[in-house]
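Heads up: the structure comes next, in structure tokens.
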Amino acid sequence: MPPRVVNWGRRWYLVAWDVDRDDWRTFRADRITPRTPAGPRFAPRGDPEGDAAAYVAGKVSAAAWRHHARVTVHAPAATVLERINPAVGVVEAVDGRTCVLVTGADTLESLAVHLSVLGCDFTVTEPPELVAYLRELAGRYARSTPAATPLAPGAGAPAPVAGSPDEGSSPAACSR
């Protein structure tokens, strides 16, 4: 039963109930070959998960990610849902104060950006590479001390703080 055709990421997707699998499926419209006759009639069903567009966004974007993450966010699900686009991830309520965000991106850097714009405390459950990257990023931010006055053009970086890891060494190099 094809209840909806949804546009997502410059492609059209058919959302349909697959009677053989007894589950919802998404199909790229440009890969469908029409059948004649069209087949038996069907009884209408509601949209999967109540919103066909959100369903497609979750299925299609997740399949394209290079890095996948599972993050416990220390905020209500409703708060997190207000702050992210459905293409960024799926939010699952744990209780009234905590939720899980299942998300992904092409790069660890992009994942870090998604998490930083939440404005909430969070705990990364997986992957370990994201945990390591966030620790590296936190260290970089910690080493970045705000200058009391803006530096004049051409002026060097401020001297390292006594006792900091950078004391007596050159500024940390950017990593990719």
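Assorted remarks:
- Of the criteria (1) at pLDDT below 55; (2) among the polar types (S, T, N, Q); (3) under 25 Å from the mean Cα position of the chain (by Cα), which one Ser170 fails: (3)
- Note on the range 106-136: residues that are of a type in the set (Phe, Trp, Tyr) and within 11 Å of the chain's Cα centre (by Cα) amount to 0.
- Filter result (in contact with a Lys or Arg (Cβ under 8 Å, 6 or more places away or on another chain) and within 20 Å of Trp65 (Cα to Cα)) within the range 104-130: Gly104, Ala105, Asp106, Thr107, Val117, Leu118, Val124, Thr125, Glu126
- Strands (runs of 3 or more DSSP E) wholly inside the range 1-110 containing at least 2 residues that are of a type outside the set (D, E, K, R) and at pLDDT below 75: 4-8
The values are calculated or read from the model by the stated rules, or taken from the named source; none is laboratory data. Since we're looking at a predicted model, the values are computed, not measured. When we count neighbours, we look across all protein chains shown, and the Cβ atoms used for this are built from the backbone with ideal geometry, even at glycine.
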